[in-house]
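Engineer: Supplied in structure tokens, the structure appears directly below.
The values are calculated or read from the model by the stated rules, or taken from the named source; none is laboratory data. What you are looking at is a predicted structure, and each value in this text was computed from that prediction instead of being measured. Please note: Cβ atoms are built from the backbone with ideal geometry, for glycine as well, and neighbour counts cover all protein chains shown. Ligands, DNA and RNA are excluded from the accessible area calculation, which covers all protein heavy atoms including side chains. Shrake-Rupley method; radii C 1.70, N 1.55, O 1.52, S 1.80 Å.
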Amino acid sequence: MNPLIKTAVILFLATLSLASCKSSKQCAKKKELTFVEKTEKAHHKEAFSAKEAIQFDIQLFFGSKERLNATITLLTNSSKGIIEFKNGSKIITDHDKVFYSPDVPSEKSVRFDAYTWSYFFLFPYKMNDGGTIWEKYNNTEADHEDFDSQRLTFEAGTGDAPDDWYIVYTNKKTNLIEKAAYIVTAMGNKEKAEKNPHAIKYTNYTEINGIAIATKWSFWEWVSGKGLTKEIGNATLSNIKFISVKENTFTPASGFKTI
């Protein structure tokens, strides 16, 4: 082969190899999962969403006072839910509508109860909902190397409380959500809420039909840069099971009030 032609072929093959390598790296980078995608995968969102509904008992305490003792039933797409208290009273959600029986334990907190506890439970499966905004969070806490962390905010008009925000921590080894700091603006304003942020910690993960679900929640005071500071509440989830529902499962009975 002519030396000039041979040299040209070698240069061409080398260039092609470099281009292929560069392309592969770019492809690998494109295929790298985002924070949300990794978390959803760890929580088996696809398998969870394929189920119709899930039901569980929850007993929740703040301090030494029982705050909630009920059975909660939720469609896995989060569109409808029921909280049935031990006295038989109910709160029913149907998208943005809330119905409740007159004998609920606290009429004042009906709307808060209707959405808060279900959101904490369904959180791993709602991370990519419309209106969610994810951004990097500079975690400077003592144990920051153990977690991946991002900040969640919401577009205006999203849900009941678009001014809420969350700092979400996933365990680097499992990609499961371990804790989430948050503010609650539903009963006040953002400025007031940011003076008193809290956090929920998810522990005792148990597999239900192959899907990891936390059976223990603890609630904490939270300080930016320090993290969890003082435990203020806890909840136990039990009798967790996927179920099928009837056509009238979420239909409020005669005499129910509405918000």
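Engineer: Could you work out how much longer the chain between Asn204 and Ser49 gets when fully extended? Use 0.36 nm per residue separation minus the Cα distance between them, nm to one decimal.
Structural biologist: The Asn204-Ser49 span can extend by a further 53.6 nm.
Engineer: Separate question: Size of the dipole of the chain about the Cα centre, Lys and Arg at +1 and Asp and Glu at -1 on the beta carbon, nothing else charged, in debye to 20?
Structural biologist: Values: 34 positive and 31 negative charges, 139 e Å.
Approximately 660 debye in magnitude.
Engineer: Excluding ligands, DNA and RNA, what is the solvent-accessible area per residue of the chain at a probe of 1.4 Å, expressed in Å²? Don't skip to the answer; put the middle values down first.
Structural biologist: Working: 14900 Å² over 259 residues.
Averaged over the residues of the chain, the accessible area is 58 Å².
Engineer: Taking 7 Å along the Cα-to-C-beta vector as the label spot, tell me the Lys190-Glu107 distance in nanometres, rounded to one decimal.
Structural biologist: 3.3 nm
Engineer: Among Ala235, Ala156, Ala42, which one moves the most in a GNM of the chain with springs linking Cα atoms closer than 10 Å?
Structural biologist: Of Ala235, Ala156, Ala42, the most mobile in the Gaussian network model is Ala156.
Engineer: Would you calculate, for the chain, the mean residue ellipticity at 222 nm contributed by helices, counting each DSSP H stretch of 4 or more residues as -39,500 (n - 2.57) and dividing by all residues, to the nearest 500?
Structural biologist: On the way: 5 runs with 60 residues, N = 259.
Taking each H run of at least 4 residues, the total per residue is -7000 deg cm²/dmol.
Engineer: Further question: Calculate what fraction, in whole %, of the accessible area of the chain sits on carbon and sulfur atoms when a 1.4 Å probe is rolled over the protein chains.
Structural biologist: With neighbouring chains kept in place, the figure for the chain is 51 percent.
Engineer: Take the Cβ-Cβ distance between Lys257 and Glu141 as r, set R0 to 45 Å, and report the resulting FRET efficiency rounded to the nearest 0.05. Don't skip to the answer; put the middle values down first.
Structural biologist: Numbers: r = 44 Å, r/R0 = 0.97.
Once rounded, the FRET efficiency stands at 0.55.
Engineer: Now for a different question. In nm, give the distance between the simple-model label positions of Thr158 and Asp129, each being 7 Å from the Cα along the Cα-to-Cβ direction.
Structural biologist: In this crude spin-label approximation the distance works out to 0.9 nm.
Engineer: How many nm separate the modelled label positions at Lys41 and Lys226, each set 7 Å beyond the Cα in the direction of the Cβ?
Structural biologist: That separation, rounded to one decimal, is 3.7 nm.
Engineer: Next question. Taking the Cα centre of the chain as the origin and placing charges on Cβ (Lys, Arg +1; Asp, Glu -1), which of Leu33, Leu60, Gly233 is farthest toward the positive end of the dipole?
Structural biologist: Result: Leu33, furthest along the dipole toward the positive end.
Engineer: Further question on the same structure: Report the gain in length on full extension from Arg151 to Asp57: 0.36 nm times residue separation, minus Cα-Cα distance, nm rounded to one decimal.
Structural biologist: Roughly 30.9 nm would be gained on extension.
Engineer: Among rounded, prolate and oblate, which fits the chain when a ≥ b ≥ c are the square roots of the eigenvalues of its C-alpha gyration tensor, a/c under 1.5 means rounded, and a/b larger than b/c means prolate?
Structural biologist: prolate
Engineer: Quick one: longest stretch of the chain between exposed loop GluC sites (Glu not before Pro), exposed meaning at most 13 other C-beta atoms within 10 Å and loop per DSSP?
Structural biologist: 53-154
Engineer: Next question, about the same structure. Find the Rg to Rh ratio for segment 127-213, where Rh is the Kirkwood radius over alpha-carbon pairs and Rg uses the same atoms. Write down the numbers at each step before the final one.
Structural biologist: On the way: Rg = 14.3 Å, Rh = 14.3 Å.
With Rg and the Kirkwood Rh in hand, the quotient comes to 1.00.
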